[in-house]
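A.B. asks: Input: one structure, supplied below.
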Amino acid sequence: MIRHRRSPRLAGPGAALLLTLLLAGCVGGGGSAGGGGGGCATPASLADRDDDLAVFGSACADAVTFSEGGESWTIQTFRNGSGPLFVVPHDDENAALATAAAALKRYGGTVAMVETGGARFNGRIDPNRNFDGGRLSCGKAGRSPQFVAAMLPGGRPIVGLHTNSRGSARTGGSGTISIRSPYAGAEAFPASGPLAGEDAMVILASRDGAKSVRNQVQRLNAAGVNVMVETVDLAKTDCSLSHYAAANGIPYANVEAAHGDGATQKAILDIVMRTL
């Protein structure tokens, strides 16, 4: 059994393909929980400086390390047959990790996440501002093909999982996301009900604003879920995962909740999985 597989440092035009092939070696067979066999490691056997990965149960686990953009990266993946791709870019958002583990058991698919020892950034890089490639460059001096390949190994739709501090500066809070205070380029569609607090919402990204996602917005609002719709301008992209998905036509939703509020995030995710 491979307990902690580390790739060689990859470079050159074949790096992304080689990395994808390395990751693909951990796909479980038969769509059964945990994947079983096939060279998979157990989640608990992966090295992690701050999280208890046993929460992923018997999923097929792997980790890959590489250097890119002047930083060393460790990307962990957990697989349970085919299904969505759940992405956790920030290692300081523990509720998001727990939501991802629960979602993997319930819906199957893949979880991809960055290991930084509990830091939000990896060195000087925000992982959720590192999804360049395709039609995105963000004006960055260097590109991140290895990071993108490792974080997006397959599975659709893509569901981003984030938690943030409560409120926003404009509403008297300390966070940056609030349904009461849409950020630049976003439009808020508030709902009502127990899941519709200021900090809890689904963020959708679209090249033409709410027009192309109106049906999703209406279904989520009807289920008592706040929705923020971000209009993606490729000339002003920030290389976030939402922008990458919109630029490349990938079905995507981001489920936001306050730090520590995993119960609300899981409840909203269950609704999202019925509407995507």
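Bear in mind that the values in this text are calculations on the coordinates, not laboratory data. No experiment lies behind these values; they were computed from the predicted model shown. In this analysis, Cβ positions are derived from the backbone assuming ideal geometry, glycine residues included, and neighbour counts consider all displayed protein chains.
A.B. asks: Between D92 and A119, what length comes free when the chain is fully extended (0.36 nm per residue of separation minus the Cα-Cα distance, one decimal in nm)?
C.D. replies: Taking 0.36 nm per residue and subtracting the Cα distance, the gain is 9.2 nm.
A.B. asks: Could you compute the net charge surrounding G109? Neighbours are other residues with a C-beta less than 15 Å from the C-beta of G109; K and R count +1, D and E count -1.
C.D. replies: Around G109, the charge tally is +2.
A.B. asks: Still on this structure, please answer the following. Would you mind computing, in nm to one decimal, how far apart the modelled labels at A222 and D208 are, each placed 7 Å from Cα along Cα→Cβ?
C.D. replies: Distance between label points: 2.2 nm.
A.B. asks: Hey, another quick one. Around G123, what is the net charge, scoring Lys/Arg as +1 and Asp/Glu as -1 over all other residues with Cβ under 15 Å from its Cβ?
C.D. replies: Spelling it out: positives minus negatives among the neighbours equals -1.
A.B. asks: With the crude spin-label approximation of a point 7 Å out along Cα→Cβ, what separation in nm comes out for K236 versus C138?
C.D. replies: 1.7
A.B. asks: For S45 and D126 in the same chain, what is the full-extension length gain: residue separation times 0.36 nm, less their Cα-Cα distance, in nm?
C.D. replies: Stretched out fully, the S45 to D126 stretch lengthens by 26.5 nm.
A.B. asks: How big is the antiparallel share of DSSP beta bridges in the stretch 126-276, given as a percent to the nearest 5?
C.D. replies: DSSP beta bridges in the stretch 126-276 are roughly 45 percent antiparallel.
A.B. asks: For an R0 of 22 angstrom, estimate the FRET efficiency from the Cβ-Cβ distance between S67 and N248 and round to the nearest 0.05.
C.D. replies: Efficiency, from the Cβ-Cβ distance: 0.30.
A.B. asks: Can you give the extra length, in nm with one decimal, that the chain gains between T171 and S192 once fully stretched, where that is 0.36 nm per residue apart less the Cα-Cα distance?
C.D. replies: So the chain would gain 5.7 nm between T171 and S192.
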